[in-house]
């Protein structure tokens, strides 16, 4: 509910987001199409990040918290500015189309796999 309230007040203007320590999940499409979002600080209290949560955002880097064990589909689809993703050692699966971009992006993950 906290995230939804922020997004309804003008999601297109978000540039940097620091989620509070009590945050446990990020819903699907939560930050989709936030055209100014270049950074987000996700606390280790987050255990779930929904599908397409950051789709089409100009994020430069993303650190997946240590308590997230599976990345849902389309997480960073069309995030063409993404240069670095830090994965936790606890990660067991990455969803289909999690990191697809049509520009000069290097990492393509087309099919779901288990580590």
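Computed quantities for the displayed model
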item: Strands (runs of 3 or more DSSP E) wholly inside the range 1-80 containing at least 3 residues that are at positive phi and at pLDDT 90 or above; result: none
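Here is a yes/no grid of residues against (1) closer than 18 Å to residue 35 by Cα; (2) surrounded by 18 or more Cβ atoms within 10 Å (Cβ to Cβ):
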position	(1), (2)
63	no, no
72	no, yes
75	yes, yes
80	yes, no
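The values are calculated or read from the model by the stated rules, or taken from the named source; none is laboratory data. Since we're looking at a predicted model, the values are computed, not measured. Every residue, glycine among them, receives a Cβ derived from its backbone with ideal geometry; neighbour counts consider all protein chains shown.
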